[in-house]
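Read through the structure below, which is laid out as structure tokens, and then see the notes.
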Amino acid sequence: MASVYKINKGVTRPIEFKGLKAQYIAYLAVGLVVLLISFAILYISGLSLLVLLPLIITLGTTLFFSVFRLSHRFGEHGLMKFWAKRSLPNYLKFRSRRLFTSLKSKSNIPITSFKN
């Protein structure tokens, strides 16, 4: 008997599947494919199943819990916002006051940014 899974999606809502939202579904799918390929490569290379199965099961469990934790912590766009906020500089360094004295003239003066 085939299993039927319900994918909830409203007009302006993100795709949600079993509690995972938006891009986290793809993260989980890619992680599972990587686990499958790594299992096949390690099995073909001759690694014992007594070592291989616990390793893959542990990595798969870690993958599931981490993806679900990210989905619940950040939501649909939160992870992208988190990485964007981390890429902002801590401060801006201005080499002259000309930028502030000529604000009404709308001149394009380059600003050098540094991140420590």
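The values are calculated or read from the model by the stated rules, or taken from the named source; none is laboratory data. Everything numeric here is computed off the predicted structure, so don't read it as measured data. Counting neighbours? That spans all protein chains shown, and the Cβs are built from the backbone with ideal geometry, glycine included. Ligands, DNA and RNA are excluded from the accessible area calculation, which covers all protein heavy atoms including side chains. Shrake-Rupley method; radii C 1.70, N 1.55, O 1.52, S 1.80 Å.
For Phe39, are the conditions met, namely being assigned to a helix (DSSP H, G or I), in contact with a Leu (Cβ under 8 Å, 6 or more places away or on another chain) and of a type outside the set (Ser, Thr, Tyr)? Step through it out loud before you land on a result.
On the way: assigned to a helix (DSSP H, G or I): yes; in contact with a Leu (Cβ under 8 Å, 6 or more places away or on another chain): yes; of a type outside the set (Ser, Thr, Tyr): yes.
For Phe39, the condition - assigned to a helix (DSSP H, G or I), in contact with a Leu (Cβ under 8 Å, 6 or more places away or on another chain) and of a type outside the set (Ser, Thr, Tyr) - is met.
Does Leu88 satisfy the condition of being surrounded by fewer than 12 Cβ atoms within 10 Å (Cβ to Cβ) and without any contact (Cβ under 8 Å) to a residue 40 or more places away in the chain? Reasoning before the result, please.
On the way: surrounded by fewer than 12 Cβ atoms within 10 Å (Cβ to Cβ): yes; without any contact (Cβ under 8 Å) to a residue 40 or more places away in the chain: yes.
Against the criterion (surrounded by fewer than 12 Cβ atoms within 10 Å (Cβ to Cβ) and without any contact (Cβ under 8 Å) to a residue 40 or more places away in the chain), Leu88 qualifies.
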Pair list, Cβ under 9 Å, 6 or more apart: region 13-40 residue under 22 Å from Leu52 (Cβ atoms), other residue at pLDDT 90 or above and not hydrophobic (A, V, I, L, M, F, W, C): Gly31/Gly60; Gly31/Ser66; Leu32/Gly60; Leu35/Gly60
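Which of the residues spanning region 62-71 are within 16 Å of Lys18 (Cα to Cα) and not charged (D, E, K, R)? Outline the logic, then answer.
Here is the first cut: in region 62-71, the ones within 16 Å of Lys18 (Cα to Cα) are 63-71.
Leu63, Phe64, Phe65, Ser66, Val67, Phe68, Leu70, Ser71, listed by residue number.
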Inter-residue pairs, beta-carbon under 6 Å, first of a type in the set (D, E, K, R) and in region 58-79, second open to solvent by less than 40 Å² (accessible area, probe 1.4 Å) and part of a loop (DSSP other than H, G, I, E, B), 6+ apart: Glu76/Pro14; Glu76/Ala22
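Let's see how each residue does on (1) farther than 30 Å from Glu16 by Cα; (2) in contact with a helix residue (DSSP H, G or I) (Cβ under 7 Å, 6 or more places away or on another chain):
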residue: Ile44; (1), (2): yes, no
residue: Ser48; (1), (2): yes, no
residue: Leu59; (1), (2): no, yes
residue: Arg73; (1), (2): no, no
residue: His77; (1), (2): no, no
residue: Arg95; (1), (2): yes, no
residue: Phe100; (1), (2): yes, no
